[in-house]
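Values quoted throughout were computed directly from the atomic coordinates according to the rules given, and no laboratory measurement underlies them. What you are looking at is a predicted structure, and each value in this text was computed from that prediction instead of being measured. With ideal geometry, Cβ positions are generated from the backbone for all residues, glycine too; neighbour counts draw on all protein chains shown.
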Amino acid sequence: MYNNHPIGLFDSGIGGTSIWQAIHALLPNESTIYLADSANAPYGEKSKAEILALCKKNTELLLSKGCKLIVVACNTATTNAIKELRAQYDVPFIGIEPAIKPAALSSKTQTIGILATKGTLSSELFNKALEVYSTTKIVEQIGHGLVELIENGQLDTAEIQSNLKSYLEPMIAANIDYLVLGCSHYPYLIPAIKKILPAHIQIIDSGEAVARQTLAVLKEKVGLHDGNNLATQQFYSNTDPKVLLEILNSAYSVTKLDF
């Protein structure tokens, strides 16, 4: 079964491009449409009702463009809205959740850290995951201000380093051996994070797992691109796309839309 319609992805901004990159690396023949809702970033400080309304708006725009599957490339949106999205729309959704499982199962100190948004850490879905791994000590930290700095292209500034030090040093003191990045924006901070963490602490994000799940759902339910026509990669932002272009190394066209 083949299906040449595009894969849709949306995030509260540019962060979900880290998920897009993992999907594109695994599925280079698939067309994609990416929405960066940067005008409403960050989602992590909004109410569940606000997040759900934004997710529905993003979903409907992607469906209007013929997307065959939608990746909610945002931890906060997944943990607060994916259940409702799946109930309302007749298209497969793939979410992104903090990679607690691999960290908890691999930890030798039985202590892991998670850096995420307020919206993710306070969500019902996240707290259910915590219950499953209750024998592991999980040191939670809200990444206050990080999404806003990343959206402004500040990936390795003095302010980023100062904020990260204040967030990560208590985790180091608690003897974590894994750091879970619970926001799709945060992989862009890995070089800055590595300047602070001791070498033995491993960093985990969800990109590769989401890409593998996308492949599995395409094979089982939706259909892969037949590979006969050139795949297209489209990116849309509702703010100045300068930082998005920089993240993508200007290799793709980015259009500003109001959404």
Worksheet, complete the sentence: Expressed in angstrom and ordered largest first, the alpha-carbon extents of the chain along the principal axes are 52, 37, 35
Worksheet entry | Added length on full extension, which subtracts the Cα-Cα distance from 0.36 nm per residue, E246 to K194 | 16.5 nm
Fill in: Among Y236, Q154, A209 the positive-end extreme of the charge dipole of segment 143-259 (Cβ point charges)
A209
Discussion item. Using amide H atoms built in the peptide plane, which far-off residues or other-chain residues are under 5 Å from V71 H to H?
Written reply: G8, L9, F10, I94
Fill in: Computed lengthening from Q234 to L130, 0.36 nm per intervening residue step minus Cα-Cα distance
33.8 nm
Practice prompt. At a Cα cut-off below 25 Å, give the lysines reachable from K128, other chains included and same-chain residues fewer than 8 away excluded.
Written response: K46, K48, K56, K83, K101, K108, K118, K137
